[in-house]
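Below is one structure; the comments refer to it alone.
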Amino acid sequence: MYKHLPKILELQNIDAEIDKLKQVKAKIPLDMKKLNAELEKQKERYESQKTILEELQKHHRSKERNLAVQQEQLEKYKSQRNAVKTNREYTALEEEISELEDATSEIEDEILELMISIDEANDRIEEAEKEYKTHEASFKEKRNVYMSDMEGFDKEIAKWQKTREKVSKNINPALMQKYKNWRKRRGGTFVAVIHGQSCGGCHLRLPPQLVNEVRKREQLYTCNSCGRILYWEEEEEPEKAQLAEDNS
Ligand SMILES: [Zn+2]
């Protein structure tokens, strides 16, 4: 069993790499969502300015219609001047005309104010549109960067996955199952390299007797405090290691 440990160790390093890449990759859609929300806000501002303008224009059109009706009426009254026979009729007509003239000039003032407001709204729209377009362009640029980053991560992950397949091919199935269970339950390191006299997983000091047993590289031993499988890493000649593996 012990001879499978270097492979498991390699596997867990690969899985750590893959996990790390996946974690970084998972952040990208969140960043993109945030960026998109900002752009949407800009768009809403732009759209709301357009709605304001449309309302003003609608108001303007209705005032113009109103003005036309009043002016038509005024012309009608004015044309009646020649047909008037009595003083009373004349005074009444002149009163109507004067009232209508006041009303039309009031509407004309309102129309002027509306036109100024429309001009201002147009300026604001232009500004909001410019801002939105700038944001949109930078959004597209950033999105392209994100997309190519994602692709890069996918490629990197696929590369590691391939190596992982190769490495896990000859690992003892029972040990592999244990490793999988550990990852599901606790994640992180399953095989802990001994550093000095301490477990590389939980960093607690190990009994010297246990370290000696592990150093024999015969059986599997676990750390008493964290339960990880202990591994003694020793510089070995590659040929010797291969030989040891073939003989065991
Ligand atoms: Zn430990």
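The values are calculated or read from the model by the stated rules, or taken from the named source; none is laboratory data. Values in this document were obtained by computation on a predicted structure and should not be read as measured data. Virtual Cβ from ideal backbone geometry, glycine too; neighbours counted across all protein chains shown.
Close Cβ contacts (under 9 Å, 6 or more residues apart or on different chains) running from residues in segment 127-145 that are under 13 Å from residue 35 (Cα atoms) and charged (D, E, K, R) to residues that are modelled with pLDDT under 95 and exposed (fewer than 11 other Cβ atoms within 10 Å of the Cβ) are absent. Residues considered: 230, 206, 175, 210. Of these, the only one that is more than 27 Å from residue 29 (Cα to Cα), at pLDDT below 95 and surrounded by 11 or more Cβ atoms within 10 Å (Cβ to Cβ) is 175. Among the residues examined, residue 141 qualifies as in a helix (DSSP H, G or I) and within 30 Å of residue 24 (Cβ to Cβ). For segment 172-228, a tally of residues being over 41 Å from the mean Cα position of the chain (by Cα) and near the ligand (Cβ under 9 Å from one of its atoms) returns 7. Taken across segment 148-170, residues that are within 16 Å of the ligand (Cβ to nearest atom) and part of a helix (DSSP H, G or I) do not occur at all. State yes or no: is residue 66 at pLDDT below 95 and assigned to a helix (DSSP H, G or I)? Spelling it out, it is not the case that residue 66 is at pLDDT below 95 and assigned to a helix (DSSP H, G or I).
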